[in-house]
Amino acid sequence: MNKTDVITKVSQKSGIAADICEKVIKAFEDQAGDALIGKFKGDKNNRADMLAGVTEKTGLALEDCEKVLTAFEEVFGTGLSDKLRFFK
């Protein structure tokens with residue numbers, strides 16, 4: 001599954017336009033990198049912090065960002081379990 005496939009599936013699951021989904025996923029990728037660096041520094045991040053950061057970076061409604069990220073988690077989890085069969 002490539003990035004375009006992921007964005008398409010996330011858009012279908014969330015009911016939000018693909019271009020907005022792509023924007024949210026990009027912001028998530030940026031935010032996740034920051035969170036990972038923070039983790040190594042001993043910072044504690046949680047889903048609410050991640051969602052707030054994505055919302056701030058995109059300028060989109062919190063509810064839309066949450067729908068997209070929830071759909072992204074589902075699509076990513078399914079894709080990963082399909083690749084790594086022992087997680088099923």
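Just so it is clear, none of the values below were taken in a lab; they were calculated from the coordinates. Worth saying up front: this structure is predicted, and the values here are computed from it rather than measured.
In sequence order, what are the phi-derived ³J(HN,Hα) couplings for region 18-23 according to the Karplus relation 6.51 cos²θ - 1.76 cosθ + 1.60 with θ = phi - 60°, rounded to whole Hz, with x for glycine and proline?
Computed from phi, the couplings for region 18-23 are 4, 5, 6, 4, 4, 4 Hz.
How far, in nm, would the chain grow between Thr8 and Ala52 when pulled straight, counting 0.36 nm per residue and subtracting the alpha carbon separation?
Fully extending the segment from Thr8 to Ala52 adds 13.5 nm.
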